[in-house]
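The values are calculated or read from the model by the stated rules, or taken from the named source; none is laboratory data. The structure presented is a predicted model; accordingly, all values stated were derived computationally and were not measured. We place every Cβ from the backbone using ideal geometry, glycine too, and count neighbours over all the protein chains shown. These area figures cover heavy atoms from the full protein model, side chains too; ligands, DNA and RNA do not enter into them. Shrake-Rupley method; radii C 1.70, N 1.55, O 1.52, S 1.80 Å.
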Amino acid sequence: MSTKTAPTTDTGRRDYDVLVAGAGPVGLMLATELRLAGARVLVVERREEPDTTVKAGAINTASAEAFERRGLLPAVEAVLRRLFPDAPKAAGSRRPASVGHFGGIQVPADPVDEEGPGLRDRGRPGWYLMIPQVEVERILGRRAAELGVEVRRGAEVCGFDEDEAGVTVHLDDGGDVRAAWLVGCDGGRSLVRRLAGFEFPGTDPQITGRQAVGTVEGAELLERGWQHTPTGVYVYGPMPGRVRTVEFDGPPADRKAPVTAAEIEASLRRVSGVDVRVTEVITAGRYTDNARQVTNYRRGRVLLCGDAAHVHSPFSGQGLNLGLGDAVNLGWKLAATVRGWAPEGLLDTYTGERHPIGAWVLDWTRAQVALMRGDADTRALRAVVSDLLGTRDGATYYVKRISGLWQRYDLGNGHPLVGATMPDLRLDDGTRLSDHTHEGRALLVDLAGNDRLAALAKPYAGRLKLVRAGSDGAGVSGLLVRPDGFVAWATDGAGDPAGLEAALTRWLGDATRPCD
C-alpha cells in the first residue's frame, strides 16, 4: 500500500479530508471513490492482513456495473477465469440452472424473462458474478494503492473528539489523526457507531448460522443443495468441503470464540441426522439474523457505511452489495463537501437515498429466516412460495431484486430514466458510455448534437465530462449522469433542454464556486 504523506497541520499531525475506519471491501470502495474525486484519504484497519474468512461469494449486477463504471470489471473477470477456468470467458454468457435461493428455495433460471423491462440490455456484467469477497477486497486494495490512498494496517480507532471544523481521531497505537470527516466502515460490531452514539433499532437474533470449508468424512451421505429438516437447514457444496448450517436455537454464546471442526461437525450432525466427521477446518465463521439499522447514516462529522450502518443475515448475499452501493453513493457527495462545491443538503441525500434500500434488505432477509423453520405451518408456506418462484413472474421478480436492478432514487419527475442507473449505451465512436465514467466525474451526454448542452457544461469543467456522440436506438437524446452512475436528467427532444440547468445546480452546485 502507498505510504504517501499528507500535509501537516500546525500541530504537526498528519491532516486528511476523510479518515475511513475499516479496510474491507466497503471501506476500500469508499476510499477509491473519494480519492478519484480529489479528497485526501487515510484508511485504518486493525487487521495486519486481509480477512480470508469465508464470507460473501458473489457480487450482483448493480455492483458489477459499478465496477465497470470504474474500469474494474476486467480485474473481476480475470479472477473468475483463474477460479473457474472451464467457464465461458465472457461474464454472464452462460445461464445457470438456478439464479439463487430464497430461504433455501432454489429459483430456476429457465422461467426468467430476460427481455422484460429492467433486465434487457444490461450490458456485459450479466446477473451476478461468482467472486469471493476476499478477491473483491484484493482488487479494491490494488486500486486504492494505484490511486495513492494510504492504508494503515494494524491500527484501530479507539476514540475521537469532534468539533465544528473536524474530528481528531485517536488510534490504539497511541497516535492521533486530524480529519475533516470520519466514516465508520468497521463492520456490524462497529466501534465508530457505538462511540458516536448512533441509534441502532431492530430485531433480535433467532438463529445461529455456521459456514466452513474443510474436510468432511462421510459427505457422500449428505444431500446436495439446501436441505430443510425439522431441526434446521444445511447445505453441502457446491464445492467439496463447503458446509453451511442454520439452527433456530438463538445466537451463539460467544461470537468471538474460534469456530472448531468439532463445532461444525456437531451442528451438521444435529441438522442433517447423518453420521459425518469434520476432521479439518480451513476457514469458518458464525452469523445470526440480528437485523438492525441506524436511523440516520450521519451524526455530525461522523458517517457510517456498509455493515456499520445496517446488519442482517447473509441470506441471498445482499450485505456486500448493499455496502458497495452505500460507498458509491457517499463517495462523491462527501468529496464534493470537502472540496467546497457541494450544493446545500447534498450530503444529507446519502441517508435519504440509501436508508430505504437498507431497510428493504433487512426485511428481505427476515422473510427468508421465516421460511426456514421446520414446523408444519412453515413447510406448507415454503411449498407455496416455491411454486410462486418457479413461475415466470416470480422468477423474474426475484432476479430483479437480488441483482439490484430494481433500485432507483427519487430524483424528480419526468423521463423514466431519471433515478435509475444509466444505460450502458454503445456509442458510434466505438466506445460504451461506461468507458467515460472511469474518472468518477458526472457526465453530460449529448446524443443529438445540441450545442446548448455544451454551453451549459462549460462552467462545470472539472466536475463534469461532456460526451458528444451518436447511439443507434438509444431512445434518448440527452442525459445528465451523477458520478455514482444514476441518471439525474434525461430528454428525448433535440430542442431546449428544459430542466437541465436546475438538475446541474441541484447535483453539481454553483458553477462559479471554486473547488479546493
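Within the shell defined by Cβ-Cβ distances under 11 Å, the residues around Glu265 carry a net charge of 0, with Lys and Arg each +1 and Asp and Glu each -1. As an equivalent ellipsoid, the stretch 21-60 spans semi-axes of 21, 15, 5 angstrom, where each value is the square root of five times an eigenvalue of the C-alpha gyration tensor, largest first. For the stretch 194-288, the relative contact order works out to 40 percent when only alpha carbon pairs closer than 8 Å and six or more residues apart are counted. Estimate the FRET efficiency between Asp428 and Asn296 by the formula 1/(1 + (r/R0)^6), using the beta-carbon distance for r and 41 Å for R0, to the nearest 0.05. Step by step, r from the Cβ atoms, then E = 0.35.
Phi angles across the stretch 146-157 convert, under the Karplus curve 6.51 cos²θ - 1.76 cosθ + 1.60 with θ = phi - 60°, into 3J(HN,Hα) values of 4, 7, x, 6, 8, 10, 9, 8, x, 9, 9, 5 Hz, Gly and Pro given as x. Other residues within the sphere of radius under 15 Å centred on the Cβ of Gly412, judged by their own Cβ, net out at 0 (K and R +1, D and E -1).
Based on Cα atoms of the stretch 391-455, Rg over Rh with Rh as the Kirkwood radius reads 1.06.
Legend: translational diffusion of the chain by Stokes-Einstein, Rh = Kirkwood radius over C-alpha pairs, 4 °C, 1.567 mPa s; D = 53 µm²/s.
For the chain, the per residue solvent-accessible surface stands at 42 Å², with DNA, RNA and ligands left out and a 1.4 Å probe.
For Asp472 and Ile282, the difference between the fully extended length at 0.36 nm per residue and the C-alpha to C-alpha distance is 63.2 nm.
Measuring r between the beta carbons of Asp387 and Asp410 and using R0 = 30 Å, the FRET efficiency lands at 0.30.
Extension gain for Ala359-Arg224 works out to 45.4 nm (0.36 nm per residue, less the C-alpha to C-alpha distance). You can think of it this way: the chain between Thr52 and Thr512 has 160.8 nm of extra reach, that is 0.36 nm per residue less the Cα-Cα gap. Heavy-atom accessible area for Tyr409, with the other protein chains in place and a 1.4 Å probe, reaches approximately 10 Å². With contributions of -39500 (n - 2.57) from each DSSP H run of at least four residues, the per-residue ellipticity at 222 nm computed over the chain stands at -9000 deg cm²/dmol. Classified by the C-alpha gyration tensor, the stretch 204-265 has an oblate form. Its axis ratio a/c, with a ≥ b ≥ c, is 1.5 or above, and a/b does not exceed b/c.
With the cut-off at 1.5 for a/c, could you classify the stretch 409-516 from its C-alpha gyration tensor as rounded, prolate or oblate? Cα axes put the stretch 409-516 in the rounded bin. For the chain, with all protein chains in place and a probe radius of 1.4 Å, 49% of the accessible heavy-atom surface sits on carbon or sulfur. Spherically averaged projected area of the convex hull of Cα atoms, the stretch 35-89: 5.8 nm².
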